[in-house]
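Structure first, then comments.
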Amino acid sequence: MLRAELDAIDLKILRELQEDGRITNVDLAERVGISAPPCLRRVRKLEEAGIIRGYRALLNGPALGYDLVAFCMVGLKHQAEADLKAFAARTRDWPMVRDAWMVSGDSDYLLHCVAENLAAFQDFVLERLTATDNVDTVRTMLTIRKVKETVPVGL
């Protein structure tokens, strides 16, 4: 399903679901201005097309004891396709790394990390990240506070 195939109702559905993934189909249909059966068909079609990838709860990290959020810019010694894929695969094994992006510029990867505290984050950087084969440079940035949080895709 391409963006060109999405009509105004589909876009309304996506906006509403990004704001409240637990909304009932009846309430969703009412908000987007259609009846419940076609609304459910549209949602299923968006799911099957991979436009809706899933649903999840947004948790309060500090309330659960995860007080530190940091970003790591990682430069690799070699950027051959196999090296890039190997590092990307490695990030999937690190629970502290919540999101990882391959980037252009001064670094090869940007890692979003969440840790219980500074000591745990330092241990990860020193014992895991910098010790990984092919890692050349690691620059870390500790966050002070989140000033904006929004849905991932603005429609």
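Read-outs throughout are calculated quantities, based only on the coordinates presented, and are distinct from any laboratory measurement. In this text, all values refer to a predicted model and were calculated from it rather than measured experimentally. As a convention, Cβ positions derive from the backbone with ideal geometry for all residues, glycine included, and neighbour counts pool all protein chains shown.
Could you list the trypsin sites (Lys or Arg not before Pro) in the stretch 20-60 that lie in coil according to DSSP, counting only those with at most 14 other Cβ atoms within 10 Å of their Cβ?
Values: sites: Arg22, Arg31, Arg41, Arg42, Arg44, Lys45, Arg53, Arg56; in loops: Arg22, Arg53, Arg56.
Listed in order of number, the matching sites are Arg22, Arg53, Arg56.
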Per-selection Rg to Rh, the stretch 7-48 - Cα, Kirkwood hydrodynamic radius: 0.89
FRET efficiency, 1/(1 + (r/R0)^6) with R0 22 Å, evaluated for Glu30 and Glu5 via beta carbons: 0.35
- request: Tell me the chymotrypsin sites (Phe, Trp or Tyr not before Pro) within the stretch 4-77 that lie in a loop according to DSSP and have at most 16 other beta-carbon atoms within 10 Å.
  value: Tyr55
- line: Here the relative contact order (percent) of the chain, from C-alpha pairs under 8 Å and at least 6 apart, is 25 percent
query: How much space per residue, in cubic angstrom, does the convex hull of the C-alpha atoms of the stretch 62-142 take up?
result: 80 Å³
For the chain, diffusion coefficient by Stokes-Einstein and Kirkwood Rh (Cα), 4 °C, 1.567 mPa s, µm²/s: 70 µm²/s
task: Please identify every one of the trypsin sites (Lys or Arg not before Pro) in the stretch 68-155 that sits in a loop by DSSP and has no more than 16 other beta carbons within 10 Å of its own beta carbon.
output: Lys77, Arg92, Arg145, Lys146, Lys148
